[in-house]
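Shown next, in structure tokens, is the structure this report addresses.
The values are calculated or read from the model by the stated rules, or taken from the named source; none is laboratory data. Just so it is clear, the structure is predicted and the values come from calculations on it, not from any experiment. Neighbour counts run over all protein chains shown; Cβ positions are idealised from the backbone, glycine included. Quick note on the areas: whole protein, heavy atoms, side chains included, nothing else; ligands and nucleic acids left out. Shrake-Rupley method; radii C 1.70, N 1.55, O 1.52, S 1.80 Å.
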Amino acid sequence: MRRDDLIQHTSAPPLLEIRDLSLDFGTPRGRVRALRNVSLDVPAAQVVGIVGESGSGKSTLAYTVMGLLSENADVTSGSILFEGKDLLKIPARARRSLLGDRLSMVFQDPMTALNPVRTIENQMIDIQHHGQGSRSEKRARAVDMLHRVGIPDPKNRLGAYPHQFSGGMRQRVCIAMALLVKPALLVADEPTTALDATLEVQIIHLLKDLQTEIGCSILFVSHHLGAVAELCDRVAVMYAGEVVEQGAVRDIFHNPAHPYTRALLECDPGRIKKSTRTLPTIPGEVPSLLGSTKGCIFRTRCPQAFNRCVQEDPVEYRIGVDQVARCHLLGDERLVPA
Ligand code: SF4
């Protein structure tokens, strides 16, 4: 049974369906194959995490979904179905009208995401331009949302400028703005990376509470496995532009099938039981994505690589009910290609 068939049998159509998505960046040195054959679903009202090292393509994927790519980006194949419409095929105007309405985003750096010369009030009213109601009604909704994200004294703080908030409070403002429009899908690109550990926990809990309340889906990009375990229902592990493993969070974290997922988990400080002065790392570096590649993309760093890994691209194998991974080692008689 193919993975698509499996999804059809086990759940309603996903809110977001990414299929065989490939994207290159044109550079003076050649084409960088930043995403290769990425397939991923975000079911309605679920939180899907994307994890991987820097350079794995997770933020590129998030920006591709939002249509916020630089001019040298070129989607070479695939589709991004959102509420049944292919975002890569609809007219630019229709796609833009989804932003700040059905699709919303929280960026990594709240200072650059907010306009520094406009008050929070003006920015929170502007973001509701799709919505009904007078300016005073939109203002009241903004105050209410600031209160819900934990901004003290929101009525008075509404008139402040972004630089008058701390980093954690600015990110709360950004989350308030993103959720004010009640999106169907919130894309959150490393929203806690710029925050300290205490604030990170608070923001994760806040996102979880608001997601449950609003009923939206979240595509949550992070390199922090603990945050993903806390917040997400499903997770996709990306390496060098490919999804190498994906499934339910409990399956991936308790029974990782791909050597890269296992290596990532072994390097997670939250899972290291013994006290140590040196944190483990994955030996080697993410390979260059210039030009085409043959064989498994992880082969230069994989401790279990063998001849076939150099010659053939691994296909996706299904493990259990709801987990798939790309590795030749999984291709024995007990498992079938997904
Ligand atoms: Fe390692 Fe080969 Fe599996 Fe790639 S296909 S992860 S190189 S064993």
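Consider GLU242 carefully, then state whether it is open to solvent by 20 Å² or more (accessible area, probe 1.4 Å), within 16 Å of the ligand (Cβ to nearest atom), modelled with pLDDT under 95 and of a type in the set (D, E, K, R). So that I can check it myself, show each step before the final result.
On the way: open to solvent by 20 Å² or more (accessible area, probe 1.4 Å): yes; within 16 Å of the ligand (Cβ to nearest atom): yes; modelled with pLDDT under 95: no; of a type in the set (D, E, K, R): yes.
Considered against the rule, which asks whether it is open to solvent by 20 Å² or more (accessible area, probe 1.4 Å), within 16 Å of the ligand (Cβ to nearest atom), modelled with pLDDT under 95 and of a type in the set (D, E, K, R), GLU242 comes out as no.
Suppose we filter GLN128, GLN171, GLN108 for residues that are under 30 Å from ILE18 (Cα atoms) and in contact with a strand residue (DSSP E or B) (Cβ under 6 Å, 6 or more places away or on another chain); which single one remains? If you could, list the steps in order and put the result at the bottom.
Details: GLN128 fails: in contact with a strand residue (DSSP E or B) (Cβ under 6 Å, 6 or more places away or on another chain); GLN171 fails: in contact with a strand residue (DSSP E or B) (Cβ under 6 Å, 6 or more places away or on another chain).
Testing whether each residue is under 30 Å from ILE18 (Cα atoms) and in contact with a strand residue (DSSP E or B) (Cβ under 6 Å, 6 or more places away or on another chain) leaves just GLN108.
Of all residues in the range 262-294 being outside any loop (DSSP other than H, G, I, E, B) and modelled with pLDDT of 85 or more, which is farthest from the ligand (Cβ to nearest atom)?
Step one: of the range 262-294, the residues outside any loop (DSSP other than H, G, I, E, B) are 262-266, 269-271, 290.
Narrowing the set further to residues that are modelled with pLDDT of 85 or more leaves 262-266, 290.
Values: ARG262: 10, ALA263: 10, LEU264: 12, LEU265: 14, GLU266: 15, LEU290: 20 Å.
Selected residue: LEU290.
I'd like the full set of residues that are modelled with pLDDT under 95 and of a type in the set (Ser, Thr, Tyr), limited to the range 28-58.
SER54, SER56
Do the conditions hold for ARG250, that is, is it within 15 Å of the ligand (Cβ to nearest atom) and either surrounded by 12 or more Cβ atoms within 10 Å (Cβ to Cβ) or at pLDDT below 85 (or both)? Walk me through how you get there before you give the answer.
On the way: within 15 Å of the ligand (Cβ to nearest atom): no; either surrounded by 12 or more Cβ atoms within 10 Å (Cβ to Cβ) or at pLDDT below 85 (or both): yes.
So ARG250 fails the test.
When the residues of the range 321-336 are narrowed to those that are of a type outside the set (A, V, I, L, M) and either in a helix (DSSP H, G or I) or farther than 17 Å from ALA236 by Cβ (or both), which ends up nearest to the ligand (Cβ to nearest atom)? Write out each step before concluding.
The initial filter retains those residues of the range 321-336 that are of a type outside the set (A, V, I, L, M), namely 322-323, 326-328, 331-334.
Those still in the list that are either in a helix (DSSP H, G or I) or farther than 17 Å from ALA236 by Cβ (or both) too: 328, 331-334.
Working: HIS328: 4, GLY331: 9, ASP332: 12, GLU333: 17, ARG334: 16 Å.
That would be HIS328.
Which of the following residues is of a type outside the set (A, V, I, L, M, F, W, C), closer than 21 Å to THR60 by Cα and surrounded by fewer than 20 Cβ atoms within 10 Å (Cβ to Cβ): THR119, THR193, THR198? Can you show your working first?
Details: THR119 fails: closer than 21 Å to THR60 by Cα; THR198 fails: closer than 21 Å to THR60 by Cα.
Answer to the selection: THR193.
With the condition kept exactly as written, say whether any residue in the range 243-257 is at positive phi and in a loop (DSSP other than H, G, I, E, B).
no
Of all residues in the range 295-320, how many are outside any loop (DSSP other than H, G, I, E, B), buried (at least 20 other Cβ atoms within 10 Å of the Cβ) and either among the hydroxyl-bearing types (Ser, Thr, Tyr) or within 8 Å of the ligand (Cβ to nearest atom) (or both)?
Total meeting the criteria: 2.
List the helices (runs of 4 or more DSSP H) that sit entirely inside the range 88-178 and contain at least 2 residues that are charged (D, E, K, R) and either in contact with a Phe, Trp or Tyr (Cβ under 7 Å, 6 or more places away or on another chain) or more than 24 Å from GLN202 (Cα to Cα) (or both). Before the answer, list the steps.
Details: elements: 92-98, 110-113, 120-126, 135-148, 154-157.
Here the list reads 92-98, 135-148.
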